[in-house]
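S.K.: Structure in structure tokens, see below.
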Amino acid sequence: MSMAILIMAKKDWELFEDNATEYLNSNINNKNYKFCHSGGADSSLSDIALYFKTKLIFYIECKLRVSQAGQFVVKNDVLKKIFFDSEGNKGNKNRRTQIIDHMNNNYSHYSSNSSANLLCNENIMFDAVKNHYKSKKVKFLIASNQHLDFPKNFIKIIDIDEIQDDFNISGVYRIKRSGSRDIPKKDLNDFRNVVSQKFTHYDIDTINKKTYLITNEKIESPYLDEKKYFLSKEKEKTYRIKKRSTTINSNIIFTLVFKPKDTSDNGLSKLKEEIKKTK
């Protein structure tokens with residue numbers, strides 16, 4: 001299959017980030033200020049950056065329907081029976097302290113399962129999420145339950161200190177493998193050997209550092225080579241090839257569900273007031 005005709009459709013969250021950026025620019029009528037889409041699939045970057053000319057002012061994070069936020073790694077010393085902060089975590093350490101203290105006060109609940117819902121007060125979880133984004137210079141979230149057609153579909157800009165008014169939150173402690181990544185070039189030959197033993201008719205194409213398996217054959221399992229590789233279905237007969245991490249982490253994962261209490265206020269006025277302060 002020709003690489004030239006392999007054009008992948010964007011996912012809803014990608015379209016939402018594009019459309020939210022366009023919405024913001026169309027509602028801030030000042031040529032000196034510009035919102036730029038910056039994050040994408042890179043979770044280390046925030047989604048939308050606001051610039052005054054060439055100066056970065058702050059970031060806005062996009063949240064479509066149900067989304068994860070502010071996760072971090074905890075370590076478990078099973079001999080001492082304590083959880084502790086991972087040295088690999090970044091940002092405000094204090095945001096993690098209350099969560100870890102709570103887990104240590106309920107050690108048996110969290111240590112006896114590979115997955116356990118957080119039992120702590122929601123305010124503690126909201127504070128952890130707020131402080132995570134503040135450390136990344138995020139001032140607002142922009143959220144909707146639809147990914148396009150604004151303002152016909154409701155979209156809201158929410159001050160980071162007020163997210164508890166428009167989101168439900170939950171948290172979970174989960175032991176899981178670290179995330180997957182697009183297969184590196186150095187692993188392609190190994191993957192070709194693996195896939196040649198599974199399939200007879202297939203193509204492998206690389207576009208913009210993303211590599212795809214194209215085949216008409218039935219995929220019995222998305223995992224290959226003892227789960228070393230993962231095939232993520234992009235569209236019919238086309239699968240994005242991922243390499244799974246070998247690292248096993250214990251993660252705290254927060255989930256935000258957009259449930260706006262006040263749909264008469266879209267938050268634009270508060271955003272404009274914040275922008276005025278930067279002049």
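S.K.: Residues of the range 167-222 being surrounded by 13 or more Cβ atoms within 10 Å (Cβ to Cβ), hydroxyl-bearing (Ser, Thr, Tyr) and either within 30 Å of Ile99 (Cβ to Cβ) or out of contact with any Ser or Thr (no Cβ under 9 Å at 6 or more places or on another chain) (or both), which ones?
M.R.: Ser170, Tyr173, Ser178, Ser180, Thr206, Thr211
S.K.: Looking at Asp187, is it of a type in the set (D, E, K, R), closer than 30 Å to Asn117 by Cα and in contact with a strand residue (DSSP E or B) (Cβ under 9 Å, 6 or more places away or on another chain)? Quick ask: steps written out before the conclusion?
M.R.: Values: of a type in the set (D, E, K, R): yes; closer than 30 Å to Asn117 by Cα: no; in contact with a strand residue (DSSP E or B) (Cβ under 9 Å, 6 or more places away or on another chain): yes.
For Asp187, the condition - of a type in the set (D, E, K, R), closer than 30 Å to Asn117 by Cα and in contact with a strand residue (DSSP E or B) (Cβ under 9 Å, 6 or more places away or on another chain) - is not met.
S.K.: Checking Phe230 against (1) surrounded by 15 or more Cβ atoms within 10 Å (Cβ to Cβ); (2) within 30 Å of Leu24 (Cβ to Cβ), only one condition comes out false. Which one?
M.R.: Of the numbered conditions (1) surrounded by 15 or more Cβ atoms within 10 Å (Cβ to Cβ); (2) within 30 Å of Leu24 (Cβ to Cβ), the odd one out for Phe230 is (2).
S.K.: Would you check if there is a residue in the range 80-93 being of a type outside the set (Val, Ile, Thr), closer than 24 Å to Ile163 by Cβ and touching a residue at least 60 places away in the same chain (Cβ under 8 Å)?
M.R.: no
S.K.: When only residues in the range 42-73 that are small (Gly, Ala, Ser), in a strand (DSSP E or B) and touching a residue at least 60 places away in the same chain (Cβ under 8 Å) count, which is surrounded by the fewest Cβ atoms within 10 Å (Cβ to Cβ)? Explain how you work it out, then say what you get.
M.R.: Start the filter on the range 42-73 by keeping residues that are small (Gly, Ala, Ser), which leaves 43-44, 46, 49, 67, 69-70.
Add one more test, that the residue is in a strand (DSSP E or B), and what stays is 49, 67, 69-70.
Checking which are touching a residue at least 60 places away in the same chain (Cβ under 8 Å) leaves us with 67, 69-70.
Working: Ser67: 18, Ala69: 22, Gly70: 23.
It comes out as Ser67.
S.K.: Right, another one. Using beta carbons and a limit of 7 Å, which pairs, at least six apart or on different chains, have the first residue in the range 139-159 and outside any strand (DSSP E or B) and the second one surrounded by fewer than 20 Cβ atoms within 10 Å (Cβ to Cβ) and among the charged types (D, E, K, R)?
M.R.: Pairs found: Asn145/Arg65; His147/Asp12.
S.K.: Checking Thr263 against (1) under 30 Å from Lys34 (Cβ atoms); (2) without any contact (Cβ under 8 Å) to a residue 40 or more places away in the chain; (3) among the β-branched types (Val, Ile, Thr): exactly one of these is not met. Which one?
M.R.: (2)
S.K.: Can you give me the ranges of the strands (runs of 3 or more DSSP E) entirely in the range 171-260 with at least 1 residues that are more than 21 Å from the chain's Cα centre (by Cα) and free of Cβ contacts under 8 Å to residues at least 40 places away in the same chain? Show your work before the answer.
M.R.: Values: elements: 203-207, 210-214, 229-235, 238-243, 248-258.
Those strands (runs of 3 or more DSSP E) span 203-207, 210-214.
The rows are residues; the columns are (1) surrounded by fewer than 18 Cβ atoms within 10 Å (Cβ to Cβ); (2) under 30 Å from Lys55 (Cα atoms); (3) modelled with pLDDT under 95.
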position: Asp225; (1), (2), (3): yes, no, yes
position: Asn249; (1), (2), (3): no, no, yes
position: Lys259; (1), (2), (3): yes, no, no
position: Asn266; (1), (2), (3): no, yes, no
position: Lys276; (1), (2), (3): yes, yes, yes
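S.K.: Further question on the same structure: State whether the residues of the range 140-147 include one that is of a type in the set (A, V, I, L, M) and either modelled with pLDDT under 95 or under 30 Å from Tyr239 (Cα atoms) (or both).
M.R.: So the first thing to find is which residues in the range 140-147 are of a type in the set (A, V, I, L, M), and the list is 141-143.
The next check asks that each one be either modelled with pLDDT under 95 or under 30 Å from Tyr239 (Cα atoms) (or both); those that pass are 143.
Yes, because at least one residue in the range 140-147 is of a type in the set (A, V, I, L, M) and either modelled with pLDDT under 95 or under 30 Å from Tyr239 (Cα atoms) (or both).
S.K.: Under the condition of being within 25 Å of Phe72 (Cβ to Cβ) and at pLDDT 90 or above, which residue from the range 12-41 is surrounded by the most Cβ atoms within 10 Å (Cβ to Cβ)? First the steps, then the outcome.
M.R.: Going residue by residue through the range 12-41, those that are within 25 Å of Phe72 (Cβ to Cβ) are 13-14, 16-17, 38-41.
Cutting the leftovers down to at pLDDT 90 or above gives us 13-14, 16-17.
Working: Trp13: 17, Glu14: 16, Phe16: 26, Glu17: 23.
Of everything passing the filter in the range 12-41, Phe16 is surrounded by the most Cβ atoms within 10 Å (Cβ to Cβ).
The values are calculated or read from the model by the stated rules, or taken from the named source; none is laboratory data. All values derive from a computational prediction rather than experimental measurement. So basically every Cβ, Gly included, is an ideal-geometry build from the backbone, and we count neighbours across all protein chains shown.
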